[in-house]
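Notes follow the structure.
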């Protein structure tokens, strides 16, 4: 079973969690056959996350970029494995450029969508993907393919309950505190524009710096 081979390859390369799923439609123009996905999660360092206080640290910024680069490399490894089997595969980068509508604050494809459908986790009030194993201490990449893949996990039904720690600590005021429900639009519970605008205030750390406070404060993350 190729799913097991892919998962083993990814975990040997450092991936924390791997999932497989079928998606409703391909986001790649002219390639509607890419309807299966490999979801790849890489765990962030607890020690680095501890350096985030009321703003991100340079160490977090560097770590975030390094994890993204590692995820992109793992994606390429999967693409090669799938292509060697005679199928098509399309890597979706860990940190994507926005699509044609720059005001939408959306990538070409949602990593969270693939992770949810794969049974890796659920979307929390912070708009982050939360896993049972690592909370939201994970970054994601995705590989789309026309090779049929069968999910190896049960879809997770969970939530944040009455917790509003991420909302109460969000410096951008982007988190509403509303519990996400399947089919809900992101705009119904999270303001991506506010989040993006606030992150521009960290230019002293580096171009493309991200906040990370919602990860640092989430009680499901249990920093060691």
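Residue check, residue 66 against (1) at pLDDT 95 or above; (2) within 30 Å of residue 217 (Cα to Cα); (3) part of a loop (DSSP other than H, G, I, E, B), all met but one. Which one?
Residue 66 satisfies all of (1) at pLDDT 95 or above; (2) within 30 Å of residue 217 (Cα to Cα); (3) part of a loop (DSSP other than H, G, I, E, B) except (3).
Kindly indicate whether any position in the range 207-215 is buried (at least 19 other Cβ atoms within 10 Å of the Cβ) and over 23 Å from residue 68 (Cα atoms).
So far as the range 207-215 goes, no, none of its residues is buried (at least 19 other Cβ atoms within 10 Å of the Cβ) and over 23 Å from residue 68 (Cα atoms).
Just checking, how many residues over the range 95-126 are farther than 19 Å from residue 154 by Cβ, modelled with pLDDT of 95 or more and touching a helix residue (DSSP H, G or I) at 6+ places or on another chain (Cβ under 8 Å)? Write out each step before concluding.
Applying the first criterion (farther than 19 Å from residue 154 by Cβ) to the range 95-126 yields 95-111, 125-126.
Going one step further and asking which of them are modelled with pLDDT of 95 or more, we end up with 111, 125-126.
Narrowing further to those that are touching a helix residue (DSSP H, G or I) at 6+ places or on another chain (Cβ under 8 Å): 125-126.
Adding up the residues that qualify gives 2.
What are the residues in the range 191-224 that are within 15 Å of residue 172 (Cα to Cα), in contact with a helix residue (DSSP H, G or I) (Cβ under 8 Å, 6 or more places away or on another chain) and not in a helix (DSSP H, G or I), if any?
The answer is 209, 210, 211, 212.
For the range 57-83, how many residues meet the condition of being under 24 Å from residue 8 (Cα atoms), surrounded by 21 or more Cβ atoms within 10 Å (Cβ to Cβ) and either more than 16 Å from the chain's Cα centre (by Cα) or without any contact (Cβ under 8 Å) to a residue 12 or more places away in the chain (or both)?
Looking only at that region, the number is 2.
Any residue at all in the range 6-22 that is surrounded by fewer than 18 Cβ atoms within 10 Å (Cβ to Cβ), under 17 Å from residue 109 (Cα atoms), in contact (Cβ under 8 Å) with a residue 60 or more places away in the chain and touching a strand residue (DSSP E or B) at 6+ places or on another chain (Cβ under 9 Å)? It would help to see each step written out before you state the result.
Our first condition is that a residue be surrounded by fewer than 18 Cβ atoms within 10 Å (Cβ to Cβ); within the range 6-22, this holds for 8-9, 11-14, 22.
Still in the running and under 17 Å from residue 109 (Cα atoms): 22.
Next, from what is left, pick out any that are in contact (Cβ under 8 Å) with a residue 60 or more places away in the chain: 22.
So of that shortlist, the ones also touching a strand residue (DSSP E or B) at 6+ places or on another chain (Cβ under 9 Å) come out as 22.
Within the range 6-22 (the criterion being surrounded by fewer than 18 Cβ atoms within 10 Å (Cβ to Cβ), under 17 Å from residue 109 (Cα atoms), in contact (Cβ under 8 Å) with a residue 60 or more places away in the chain and touching a strand residue (DSSP E or B) at 6+ places or on another chain (Cβ under 9 Å)), the answer is yes, since at least one residue qualifies.
For the range 174-190, name all the residues that are part of a loop (DSSP other than H, G, I, E, B) and either surrounded by 15 or more Cβ atoms within 10 Å (Cβ to Cβ) or in contact with a strand residue (DSSP E or B) (Cβ under 6 Å, 6 or more places away or on another chain) (or both). Walk me through how you get there before you give the answer.
As a first pass, look at the range 174-190 and keep what is part of a loop (DSSP other than H, G, I, E, B): 174, 176-185, 189.
Those that are part of a loop (DSSP other than H, G, I, E, B) and either surrounded by 15 or more Cβ atoms within 10 Å (Cβ to Cβ) or in contact with a strand residue (DSSP E or B) (Cβ under 6 Å, 6 or more places away or on another chain) (or both): 174, 176, 177, 179, 180, 189.
Show me the strands (runs of 3 or more DSSP E) entirely contained within the range 79-173 in which 1 or more residues are farther than 23 Å from residue 26 by Cα. Please lay out each step first, then the result.
Numbers: elements: 89-92, 121-123, 129-131, 138-145.
Ranges flagged: 129-131, 138-145.
If a residue must be surrounded by 21 or more Cβ atoms within 10 Å (Cβ to Cβ) and at pLDDT below 95, how many such residues does the range 136-169 contain?
1
The values are calculated or read from the model by the stated rules, or taken from the named source; none is laboratory data. Keep in mind it's a predicted model, so treat the numbers as computed, not measured. Neighbour counts run over all protein chains shown; Cβ positions are idealised from the backbone, glycine included.
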